[in-house]
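For reference, the structure discussed in these notes is given below.
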Amino acid sequence: METSEDFDMFRRVEEFIQRVHDSDYIIAEKASEIKYSMPREGVAQIAGRKPTGNLADKLAWAMSAYDEVKGSPELRKRFAYTCLDWINRAFAWHVIKEGKGLVRKLKECQNKNSKLESDLTDLTTKMLTLKGRCDELEKQREEWDDWKNRR
C-alpha cells in the first residue's frame with residue numbers, strides 16, 4: 001500500500017522530470033564526467049542496465065525508467081526510489097543548474113495568447129452588437145428628426 005510519503009516521493013520525482021523537460025533545470029556537462037560503478041542488483045538488474053556509467057547517463061536512465069513504469073503499482077515505488085537517489089546525487093554534485101525555463105515560458109505564452117484571442121473574439125462580437133444597436137438608434141433619431149420637421 002502506498003503511503004503519503006510515497007505520494008510525496010512520486011510528486012517530487014515527477015516534478016523534477018517535468019522541470020527538466022521544461023528546461024527549468026539543466027544537467028551540467030560535468031555530470032557526464034562523474035563516473036559511477038554499481039553492484040549488479042536492484043532496479044538496474046531488473047531493467048537489464050549495466051552497472052557502470054556516468055552520472056548524466058544514470059540520471060537520464062532513472063528518469064526514463066520511472067516514466068516507463070509509473071503506471072505499474074508494483075514497480076513505481078522501487079523505480080521512484082532509484083530515480084530520487086540519482087536526483088539527490090546530481091544535486092549533491094552540483095550538476096543541476098537553474099535553466100531559463102523556455103519550454104514552460106512558451107507554454108505560458110501560448111496559453112496567454114489563446115486567452116487573448118478568445119477575449120478578442122468576445123470583444124469583437126460585443127462591439128458588432130453595439131455598433132448594430134448604435135446604427136439602429138441613429139436611424140430612429142433620424143426618423144424622429146424627420147417627424148419633428150414635418151410638424
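Quick note: the coordinates plus some simple rules give every number you see, no bench work behind them. This is a predicted model, so every value here is computed, not measured. Here the Cβ is made from the backbone with ideal geometry for all residues, glycine too, and neighbour counts use every protein chain on show.
Rounded to the nearest 20 debye, the dipole size of region 107-151 about its Cα centre is 100 debye, using +1 on the Cβ of Lys and Arg and -1 on the Cβ of Asp and Glu.
Ignoring solvent entirely, what values of log10 I(q)/I(0) come out of the Debye formula for the chain at 0.10, 0.18, 0.20 Å⁻¹ when each Cα is a single scatterer? After summing over all Cα pairs, the log10 values are -0.53, -1.07, -1.21. Determine the alpha carbon to alpha carbon distance for each of Lys30/Lys100; Lys58/Lys97; Lys35/Lys100; Lys30/Lys97; Lys35/Lys97 and list only those over 23 Å. Table pairs above 23 Å Cα-Cα are Lys35/Lys100. Cross-link partners among lysines for Lys115, C-alpha distance below 23 Å, same-chain residues fewer than 8 apart left out? Cross-link targets: Lys105, Lys107, Lys126. For the pair Asn113/Asp145, report the inter-label distance in nm, with labels modelled 7 Å from Cα in the Cβ direction. Spacing of the two 7 Å Cα→Cβ label points: 4.7 nm. For the pair region 1-40 / region 71-95, the C-alpha centres are spaced 5 Å from each other.
The Cβ shell under 9 Å around Tyr25 holds other residues with a net charge of -1, Lys and Arg each +1, Asp and Glu each -1. Against the main long axis of the alpha-carbon atoms of the chain, helix 4-21 sits at an angle near 70°.
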